[in-house]
Every structure is written in structure tokens, then in C-alpha cells.
Amino acid sequence: MNAYTKTRKRINKWAGNCWNGVGVAVLKGDRMKVSYNKELHRRVDEVLFYVWDPIGVNGEPLARGEYESYVPQVVKLVEANDDIRAISKHLAKIVSSRMGMSPNKKQCDYAAEMLLRHKKAVIERRA
């Protein structure tokens, strides 16, 4: 058994084999939080790409990461409140200030509603 294998076995024993899937050891009590955050992040990313999609690229597989830079901030906003208007306003601000386009209010409202529905689903699934 080489040094790498020995070290790996010690780490696995110490961490209780509770790796979160991205190579980070977490304590067992934090597993649910990690999976909640990961799941909410994934769902927000999907809603932004497939539902909100202000520039209309969701049919192009090469553009899949187009809105990825907005995900962390939108996740924080979704976690912080349940107000569709606040989330919709934030999405509209992204469209106008960062993309230089006129926002579609109905599209932003619908995306905000879907984000909150997904948040609720993730919370219910966790319970």
C-alpha cells in the first residue's frame, strides 16, 4: 500500500465517507445543508436558462452557461425572501442594466414565480 492510499484511507475514515460529490468533506450534520444549497443552485440555474432567458438562447446547447454568473446573487435573493416582486425587479434590473435591453415584465414575473415554487419544492423535499 503506497503513501497516497494510506492517506486517502485515513481521510475517508476521518470524514466518515461523507463527501458532497464535489470533492469537499463535510460533517454529517451539514449534509442536508450542502444538498439543499446544491439543489437550489441547480434549480435557479435551470429556471434562469429555460424560463427567464431574456436573450432567447435556451435552444442552443452551446449557450447553456449564459446566465451562470447571475445564479449566486439570485440564489441569495430567493433564499432571503418570498416576494415575487423583489425577485422580478432584480431580474428586470439585470436585463436593463447588464444586458442593455428592455425587460419583459411578464417574463420576469413568471421566472420569479417559478424560482419561488422551486425553492418551496426543495424545502419540502428536504423535510
### Query
In what sequence do 40, 115, 77 fall when counting other Cβ within 10 Å, fewest first?
77, 40, 115
### Query
Hey, quick one: spin label on residue 63, modelled 7 Å out along Cα-Cβ, who in segment 87-112 has an amide N within reach, i.e. under 12 Å?
none
### Summary
Taking a crude spin-label model, label points 7 Å out from Cα along the C-beta direction, the residue 38 to residue 123 distance in nm is 2.2 nm
### Query
Using a cut-off of 14 Å between alpha-carbon atoms, which aspartates and glutamates can reach residue 119, once sequence neighbours fewer than 8 places away in the same chain are excluded?
39, 45, 46, 79, 82, 83
### Task
With unit charges on the beta carbon (Lys/Arg positive, Asp/Glu negative), name the residue among 99, 56, 71 whose Cα is farthest towards the positive pole of the charge dipole of segment 27-126.
71
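We did not get these values from a lab; they are worked out from the coordinates using the rules stated. Just so you know, these numbers come straight off a predicted model, no measurement behind them. Quick reminder, even Gly has a Cβ in these numbers, built from the backbone with ideal geometry, and neighbours come from all protein chains shown.
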